[in-house]
Amino acid sequence: MITALSHRVAVSTCALCAAGVLALTPAAASAGPRTGEPAPPAPRAAMPGPNQLYGSGTLVRPHRDAPEVPEVSALSWVVADAASGAVLAASDAHRKLPPASTLKTLFALTVLPSLPAGMRHTVRNEELADIGAGSSLVGVREGLTYKVADLWRGVFLNSGNDAVHVLASLNGGWEATAAQMQAKARSLGALDTHVVSPDGYDADGQVSSAYDLALFGREGLRNPDFARYCSTAEAYFPGDGASYGIRNTNRLLTGANGVTKYPGLLGIKNGYTTHAGNTLVAAARHGGRTLVVTVMNPQQGGGLAVYQEARKLLDWGFAAAGRVDPVGSLDGLRAKSRPSSTAKPVAAATSQAPDDDSFWPGVAIVVGFSALAAGTTALALRAKDNRTPPG
């Protein structure tokens, strides 16, 4: 009796194993390819290891129906999905290059949480010392009192190095802020970035990469204050006796100086110095999907090429949605924290990126704020030439 029961158990177990194998085997594989038809492609890896992005040249893993990656002249670029962190395509993503004012994204990530937006501060002369020659300025004046929020608008819109110097002073000083930025970069997995000057001004040894800057831009959109500042096209800045209008130097956001405004753009940050050339981190949202692109130092097309190439890459990224496999992840190098032994179990879904709608609290606030500001504010702006300011 025991022998018969054991035999039945063994047979049942084998039957279950066979059923499991059949259930896990694709039907096409069991049937085999039809005569004259090519064999189906092998399954693709969901996410390659982080070392993939250290290769040179353009990296993309297209499906058969994927659009062609556009030709761009930038020394380095990245297109990434903001919600999942998946890098859709890249070229020399980890190439270390001077970042110019796109480094202000890391400055904001580091300093924004420590300074209340409504705090008022009267500027001292020493806070405006040692600003690099030829820096972009918003017009901060010694002896005038500013809200911290005013200074942040000066940073994001006018790329004002004077505003950065004052905020860094409030944060504990120039060197302390640089050290904090370096630590913040490492904690996020931005291993290519070396901070010397928190405002992004050219300095010996100061570098970042398209990968790191895309990471900073993505992280910034999680913060409602960062998201609001970086998407503001126009604002007033306090002056001596009267406020004056300032306009964001990101032309994809404003549509200024011969650049067509990009639909759904969430802003972020552009930059320029003689050494870095033109640099840009931009994010846009279409149909529930948010993309982040970085473009560093285009070699052709003049000062507007950084916007034209970012536009091409954004267009490609939205068209390629679901038709390419990732070549890497913006989370690939992030330090993994060890779970606490007393922590409650977390649902398995937390290992995946949250859906796009729940991931961006800052974006929702930005959309409403920008619509209200656009309908109620008319600004008298200072005349500007067509050259992107350094910084």
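Numerical summary
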item	result
Test: Gly134 is in a loop (DSSP other than H, G, I, E, B), touching a residue at least 12 places away in the same chain (Cβ under 8 Å), under 23 Å from His194 (Cα atoms) and not β-branched (Val, Ile, Thr)	yes
Residue ranges of helices (runs of 4 or more DSSP H) in region 181-299 with at least 2 members open to solvent by less than 40 Å² (accessible area, probe 1.4 Å) and of a type in the set (Gly, Ala, Ser)	210-221
Considering residues of region 137-150 that are out of contact with any Gly (no Cβ under 8 Å at 6 or more places or on another chain) and either small (Gly, Ala, Ser) or not in a loop (DSSP other than H, G, I, E, B) (or both) only, the residue most open to solvent (accessible area, probe 1.4 Å)	Thr145
Test for Thr274: is it among the polar types (S, T, N, Q), under 13 Å from Ser101 (Cα atoms) and modelled with pLDDT under 95	yes
Only one of Ala80, Ala93 that is in contact with a strand residue (DSSP E or B) (Cβ under 9 Å, 6 or more places away or on another chain), part of a loop (DSSP other than H, G, I, E, B), buried (at least 22 other Cβ atoms within 10 Å of the Cβ) and in contact (Cβ under 8 Å) with a residue 24 or more places away in the chain	Ala93
Residues located in region 193-249, provided they are in contact with a Lys or Arg (Cβ under 8 Å, 6 or more places away or on another chain) and at positive phi	Gly200
Lone qualifier among Gly139, Gly85 - being more than 20 Å from Thr249 (Cβ to Cβ) and either touching a Lys or Arg at 6+ places or on another chain (Cβ under 6 Å) or of a type in the set (Gly, Ala, Ser) (or both)	Gly85
Cβ-Cβ under 8 Å pairs, at least 6 apart or on other chains, region 293-315 side within 15 Å of Asn270 (Cβ to Cβ), far side of a type in the set (Gly, Ala, Ser) and modelled with pLDDT under 95	Leu304/Gly258; Gln308/Gly301; Glu309/Gly301
Filtered residues of region 180-214 (kept if touching a helix residue (DSSP H, G or I) at 6+ places or on another chain (Cβ under 6 Å), under 21 Å from Pro113 (Cβ atoms) and of a type in the set (Asp, Glu))	Asp199
Qualifying residue in region 222-241 (condition: free of Cβ contacts under 8 Å to residues at least 24 places away in the same chain, more than 16 Å from Val295 (Cα to Cα) and of a type in the set (D, E, K, R))	no
Near pairs, Cβ below 7 angstrom, 6+ apart or cross-chain, from region 186-203 (within 19 Å of Gly173 (Cα to Cα)) to any residue that is aromatic (Phe, Trp, Tyr) and open to solvent by 30 Å² or more (accessible area, probe 1.4 Å)	Pro198/Trp174
Criterion (touching a Cys at 6+ places or on another chain (Cβ under 8 Å) and under 22 Å from Pro116 (Cβ atoms)) met by exactly one of Gly267, Gly220	Gly220
Scan of region 223-253 for residues that are closer than 19 Å to Gly302 by Cα and of a type outside the set (A, V, I, L, M, F, W, C), ordered by number	Thr249, Asn250, Arg251
Meets criteria (without any contact (Cβ under 8 Å) to a residue 60 or more places away in the chain and closer than 20 Å to Thr177 by Cβ) for Ser114	yes
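Every residue, every condition in (1) open to solvent by 60 Å² or more (accessible area, probe 1.4 Å); (2) in contact with a Phe, Trp or Tyr (Cβ under 8 Å, 6 or more places away or on another chain); (3) farther than 24 Å from Ser209 by Cβ; (4) modelled with pLDDT of 50 or more, yes or no:
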| site | (1), (2), (3), (4) |
| --- | --- |
| Gly301 | yes, no, no, yes |
| Val306 | no, no, no, yes |
| Glu309 | no, yes, no, yes |
| Asp325 | no, no, no, yes |
| Thr350 | yes, no, yes, no |
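The values are calculated or read from the model by the stated rules, or taken from the named source; none is laboratory data. Note that the coordinates shown come from a computational prediction; the quantities given were computed from them, not determined experimentally. In this analysis, Cβ positions are derived from the backbone assuming ideal geometry, glycine residues included, and neighbour counts consider all displayed protein chains. Calculation scope for accessible area: heavy atoms of the full protein, side chains included, ligands and nucleic acids excluded. Shrake-Rupley method; radii C 1.70, N 1.55, O 1.52, S 1.80 Å.
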